Structure formats: C-alpha cells, structure tokens
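Presented below is the structure to which this report refers.
The values are calculated or read from the model by the stated rules, or taken from the named source; none is laboratory data. Note that the coordinates shown come from a computational prediction; the quantities given were computed from them, not determined experimentally. All Cβ positions, glycine included, derive from the backbone under ideal geometry; neighbour counts span all protein chains shown. Please note that ligands, DNA and RNA were not included when accessible areas were found on the heavy atoms of the full protein model with its side chains. Shrake-Rupley method; radii C 1.70, N 1.55, O 1.52, S 1.80 Å.
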Amino acid sequence: MDNSEQILTLIKPFVEQGKILPRSKQEIEESIGDFVLLFDNNQLAACAGLKDCQEGAMGEIYSLAVAQNLQNTGLSNQLLAKILIQAKQRQFSKIFALTKFGTDWFIKHGFTQMKIADLPSKRQQYFNHDRNSSIFFKEVD
C-alpha cells in the first residue's frame with residue numbers, strides 16, 4: 001500500500017464520523033508533498049497535511065488524524081512538532097486549522113480561536129458556513 005492509500009485508510013473512520021472532510025485518492029496523491037507522516041511498525045500511525053495558502057505566509061493544517069488504536073500515546077504531540085518544523089522550513093508565520101472536534105487539543109497546544117475574517121481572503125471564500133467549523137491559529141516561532 002502506498003502512502004496515499006495509507007492516508008485514505010487512516011482518515012476513513014474520521015471522514016465517516018464527519019470529523020475530517022473527505023478526500024479522493026487523486027487529491028491526496030496531488031498534495032502528497034503537503035503531508036507529514038508518522039509510522040509505527042511500518043504502518044501509518046498519524047498524518048496531517050500542511051497546505052500553503054499563498055497569502056500572508058500562512059499554512060493550513062488539514063486531514064489531521066491519529067490511528068484510533070494509538071490515540072492518547074503522544075503521537076499528536078510528535079505530529080504537531082513535525083508540522084511546526086515543516087511550517088518554519090516553508091517560512092510560514094502562522095498555521096491554522098478548521099475543526100468541528102478536538103477544540104480542547106488545539107487550545108492545549110497553544111492555538112488561539114479566531115474568526116472567519118482572520119483567514120486568508122482566498123480561504124474565506126471557501127469556508128463552509130453549513131459545517132461551521134471553529135478556526136484555530138498558531139504563530140510559528
């Protein structure tokens with residue numbers, strides 16, 4: 001199984017629960033360079049995409065998932081650390097995530113809840129008002 005298939009398998013239960021937006025295999029393959037991946041015994045254990053918003057030196061975290069059987073083991077902390085390293089390498093000043101769940105996790109890890117108006121203007125256009133996600137920002141040091 002290649003990385004894109006492993007990502008799809010990992011996020012599938014979260015997509016079914018409405019916690020992560022669905023992505024096609026083609027979408028994952030086209031953006032595979034965005035993904036930070038953590039493996040456990042050659043199996044994908046956690047992932048997150050970090051997309052360049054092409055505006056305001058901001059990156060958007062998406063498809064953040066930790067395998068259900070490995071949650072509460074510190075993998076999300078490792079994943080965030082790798083995301084921040086990648087964000088710094090890509091010269092982002094801020095990263096943000098839209099979420100309907102896990103808001104406590106974002107706050108615990110130094111993210112600040114913000115408003116739609118704080119998003120890059122291009123990203124504001126695609127905000128799904130029906131989904132009504134919370135928006136969390138974090139400065140990249």
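Out of (1) exposed (fewer than 14 other Cβ atoms within 10 Å of the Cβ); (2) in contact (Cβ under 8 Å) with a residue 40 or more places away in the chain; (3) closer than 14 Å to ASP34 by Cα, what's the single condition that is false for SER93?
Result: SER93 fails condition (3) only.
Name every residue in the stretch 50-79 that is open to solvent by 10 Å² or more (accessible area, probe 1.4 Å), under 24 Å from TYR126 (Cβ atoms) and of a type in the set (A, V, I, L, M), in order of residue number.
ALA57, MET58, LEU64 - these are the residues of the stretch 50-79 that are open to solvent by 10 Å² or more (accessible area, probe 1.4 Å), under 24 Å from TYR126 (Cβ atoms) and of a type in the set (A, V, I, L, M).
Residue pairs, Cβ under 8 Å, 6 or more apart or interchain, first in the stretch 127-141 and farther than 10 Å from PHE111 by Cβ and among the acidic types (Asp, Glu), second assigned to a loop (DSSP other than H, G, I, E, B) and open to solvent by 20 Å² or more (accessible area, probe 1.4 Å). List them.
none
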